[in-house]
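Worksheet: one structure, shown below.
Derivation of every value follows stated rules applied to the coordinates shown; laboratory data play no part. Note that this is a predicted model, so its numbers are computed, not measured. Virtual Cβ from ideal backbone geometry, glycine too; neighbours counted across all protein chains shown.
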Amino acid sequence: MSQIEDSLRKLFERYRVIFWHDEKEELKDRFEELALPGVERIHVQNNEFYIKHKVSREDTEGQYLIYRTCKRPAYVNNWLQDLELAHYEFHTNQEATFLQELGLDYGLKDLVTEHIEFFKSKDRRQKLKALLGKEDTFRDIRYKMLAVLFGTNTISLTAFIQAHASAFNDGNERPDRELERYNLNTFYWGLISDSFKYYAESPGIYDFLLEVFSNVFSLTKSSGLTKDASLLLSVWKDTISYQEAFQQLSAKIAEDLNVQPLLEDANLEDILEDDLFRLVDFKIIHDLIHLVVSESIGNDKASQVVKHRENKYWYREFKDFYAAISHAMEMISLVRKYASVAFSSIEQGAKRYSQDLHLVDYNYRKFIWHYRNKNQDRVLKPLFEKVEKVYSNDWLLQLNNNWQAVVDAAPEWPLLPRVSQTRFYKDHVEPTLNRGQRQFVIISDALRYECGYEYLQKVNAQNRYEGELQYMLTAMPSYTQLGMAALLPHKSLSIVDGSDEVCVDELPCQGLQGRNKVLAALEGYKAVGIQAEDFMKMNSSTEGRAFVKQYDVIYIFHNQIDKTGDDKTSEDKVFEAVERELVFLMDVIKRIANMNGTNMIITSDHGFIYQHTALEESDFSDVQVDGEVWKENRRFILGRNLKGDASTRHFKAGELNLAGDFDVLIPKSINRHRVKGAGSRFVHGGASLQEVVIPLVKVTKKRQDTLKQVDVDVIQQSNKITTNILSVSFLQTEVATDSIQPRTIRAAIFSNDGELLSDQFSYNFDIEEGSERQREVKHRFQLSSKASGKYKNQTVKLVLEEPVEGSSKWKLYKEYMYTLNISFSNDFDDF
């Protein structure tokens, strides 16, 4: 089928009579060959009266193609003039063919002629046709031609500029060539001039971007562009497909605008709002580090700065830096507050550690993890050195020296109901079994108390999981064999002569096989132990549920933290092992829930001390020991008739609630014994708070939802917008807690037809304390010139969106209506 025939077929779907003028008879053969079912073809050959009578009187329903080859008669001599005016005229010149293919009126012929090179491509015509609307004006069509040229999904000047900038960034000059070739250059740069007041004799995309960035950045001179320049950058930063171009061009523009020297002397407060350049975050991080190191900034102020940057463009890239600074600042602040704390008893000290003192060790661990995760030794080195010094000297040493005083004064290691690890089964497992319910016990080797604290936050952030955190005191000395044995059902614990192996009720309990022998001897209940890796391999709905049904209590053992820390070659990665373990333990409880388990306890055999920096000679002690030594470790010595020196604390077996005739020596405070070949930064076995206070996390799987998110409202004092700045107060209506989770909001002002009229504001509402006034967050929205132009006196919406979990998309949360009533005077920028 020819293009002419195809066009005519489509036209006859809309028109009854079509006139075709072919003055030069160039297409007469085509006319005669046409196959148009139901259409009568008539050639005008001095038969005008017949045609008029036929079409107007004789057959008023039929379809006719009336073909004229002679010159069109003058108006007074044209017998068919009224029919031509009443019906459709078909044209066959190039412009007309394109217009007919696009379904456009012949009155747009001049537009096609002006941009004929654009329309010569069938691919471009098809893309343009998909965008056209019935009421499109010349301007509308040119706008859509730009969308085809730039290949954008959105028909907007902002999208065109983003695509143009991205092409420039890639070294692609095609858009510039095509703007010129298709005669769209004047129209395109005219749009930019009208919107941004950008004027240049030879306009170019990079020259324009230089002016835009200069106009928006706080430390460079305004280039005189409109306030829409800031909106352009705001939208660009939020457009995922063009972010790479933004980042690379930002770096180039920063160099060309000489941004770094400008930042050298800038005050922190002056640049907190800026997020156009990476260099701004470099400057803020650099200044924050030195303020923290010199302790010349308060914890609250430092937290405010970090929170402020949390919602800025580059935060994701610098997240580890800011997190490291936050944890360092928090740790130092807590050390200054608690380092001199004294204890009245072992029980009181352990309880106090579980209440707040553990947060120092938590923040130290998180600092080291983020520090290593970023692998930026040079910029973070001053902060690292400060943290290490404060943690080792002002915290670990001082705290445990104070703690050692009560350990030395205690006649024995206490055996306390619900607190002592040795009573774990009796106090925490047996009551559940007595209620006829199944109990799962997950033992994570070396999961110290502060790790349990973080794990609880993760548990309570999961819907339908509810956790509570308690503490226990380990058996002494705090090493794996004894800690694991203490957690099993037993009446007595003892150590095999000449070794560090432990017996439970005289049954050896080494490894999984030994522990299962102890569990098999449990009276009244069926119990089993299994390695976590084997448990996780089971299919939840089949073999997993079949396995679980056989037992009343199931012990699940996992060894990731201790295995990493106890190896001299990997001990520096122990905090990375903790991060992996917390994720793994979440997977374990979810697998248990899928096997219909509801009662879970997560605990540990012992904690640990870890210092990231290599230890000084003074941290090691050459203890003088008399007697029969069975086992020597950096943090304890086992044997018979042992006598140490002033650097150790001596215990008889009975004083540690252990059966047998043997002795234990524990180095005081955080000292390490010299042991050849052993790791020294990660240690356990002694009596420090970090080693002996362990977590007891009880988790229950609920049938009902346990979580909701904080609600965010807008305090709307007026529903009218009268200036190009709209100040909005967002209120987090309740504090964030374990069961009331934070909510991230993105807000902007839109017209009713979906046009973005302001910058976009993002914020994570996670405030955990304070009055309503303290939970109020303000933002000043900058409105575009369209707000006082095209949309003046119309109703617009402040739209609040929240992220769709697991995707980069956003969904509607709330919206608030306003009426635009902006005075003409607000169209003038500051000058």
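With N the number of residues in the range 617-682, Rg(Cα) / (2.2 N^0.38 Å) evaluates to 1.08. Pairs exceeding 25 Å between alpha-carbon atoms, taken from LYS301/LYS337; LYS537/LYS811; LYS351/LYS698; LYS197/LYS237: LYS537/LYS811.
Taking the Cβ of LEU249 as the center, what net charge do the other residues with Cβ under 14 Å away carry, scoring Lys and Arg +1 and Asp and Glu -1? Around LEU249, the surrounding residues sum to -3. Each pair of Cα atoms in the range 1-159 enters the Kirkwood radius, and Stokes-Einstein at 20 °C and 1.002 mPa s then converts it into a translational diffusion coefficient of 123 µm²/s. Using 24 Å as the Cα-Cα cut-off, could you pick out the over-long pairs in LYS312/LYS374; LYS319/LYS366; LYS491/LYS652? Beyond 24 Å between Cα atoms: no listed pair.
For the chain, the longest principal axis of the C-alpha atoms and the axis of helix 315-338 are separated by about 30°. When the P(r) of the range 209-344 is calculated, the portion above 24 Å amounts to 38% of the C-alpha pairs. By how many degrees, between 0 and 90 and to the nearest 10, does the Cα long axis of helix 449-460 differ from the longest principal axis of the chain? The two axes meet at around 40 degrees.
Going down the table (LYS526/LYS701; LYS458/LYS708; LYS283/LYS778), which pairs top 20 Å between alpha carbons? Beyond 20 Å: LYS526/LYS701; LYS283/LYS778. The C-alpha atoms of the chain define a longest principal axis, and helix 138-150 lies at about 50 degrees to it. Taken over the alpha carbons of the range 107-257 as equal point scatterers, the Debye sum produces base-10 log I(q)/I(0) values at 0.09, 0.21 Å⁻¹ of -0.30, -1.42.
Of all aspartates and glutamates in the structure, the ones whose alpha carbon falls short of 14 Å from that of LYS227, not counting any fewer than 8 places away in one chain, are ASP194, GLU211, ASP759, ASP827, ASP829, ASP830.
Here the chain carries DSSP beta bridges of which approximately 65% are antiparallel, counting only pairs with both residues inside. Coordinate range of the alpha-carbon atoms in the range 708-827 per principal axis, descending: 49, 33, 17 Å.
What are the lysines whose alpha-carbon lies under 29 Å from the alpha-carbon of LYS134, with same-chain residues fewer than 8 places away excluded? Filter leaves LYS10, LYS109, LYS120, LYS122, LYS144, LYS786, LYS790, LYS792, LYS797.
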